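Asks: After the structure tokens below, expect a handful of questions from me.
Derivation of every value follows stated rules applied to the coordinates shown; laboratory data play no part. Computed from a prediction, not measured in an experiment: that's the story for all the values here. All Cβ positions, even for glycine, are placed from backbone atoms using ideal geometry, and neighbour counts span all protein chains on display.
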Amino acid sequence: MAITAKDVQQLNEYAKGVMDRAEHHAGNVKGSALTVLGGIIWRADADSIRIRQYAGSPANMLWIKVNGKDYAFRYDHASEQIEIRDGSQNGTILHAIDDAVPITAIETIMRGL
């Protein structure tokens with residue numbers, strides 16, 4: 001199940017969860033996660049941010065629309081990267097991001113969505 005993030009409180013809760021989990025399990029995406037989160041807030045169509053819930057808490061996946069097109073963002077444990085997928089969580093991987101990707105490249109990726 002997913003909830004629609006319509007206020008800063010929900011986004012704050014999601015961001016805290018992502019960063020807490022990154023500290024323990026995904027240290028190579030801590031910086032890039034912050035950049036991607038900023039890009040999501042910047043690029044998402046109004047009321048289109050949907051956050052996956054697991055056991056009542058935000059999980060490591062969300063969906064947005066940019067200009068009406070759907071994108072899924074998820075953390076992949078095997079590759080230890082944030083994936084941006086086309087349309088859904090099972091869609092084609094458009095981009096895979098970790099801390100080795102420069103901030104300027106992440107900005108370019110987000111601008112291109």
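Asks: Can you compute the modelled spin-label distance between Leu94 and Ala46, with each label point 7 Å from Cα toward Cβ, in nm?
Replies: 2.2
Asks: Give me the net charge of Arg43's neighbourhood, meaning all other residues with Cβ under 11 Å from the Cβ of Arg43; Lys, Arg count +1, Asp, Glu -1.
Replies: Net charge in that neighbourhood comes out at +1.
Asks: Let me ask something additional. Among all the aspartates and glutamates, which ones have a C-alpha under 15 Å from Lys65's C-alpha, if same-chain residues fewer than 8 places away are not counted?
Replies: List returned: Asp45, Asp47, Asp86.
Asks: Let me ask something additional. On a full-extension model of 0.36 nm per residue, what is the gain between Lys16 and Lys30, subtracting their alpha-carbon distance, rounded to one decimal in nm?
Replies: 3.9 nm is the gain from fully extending Lys16 to Lys30.
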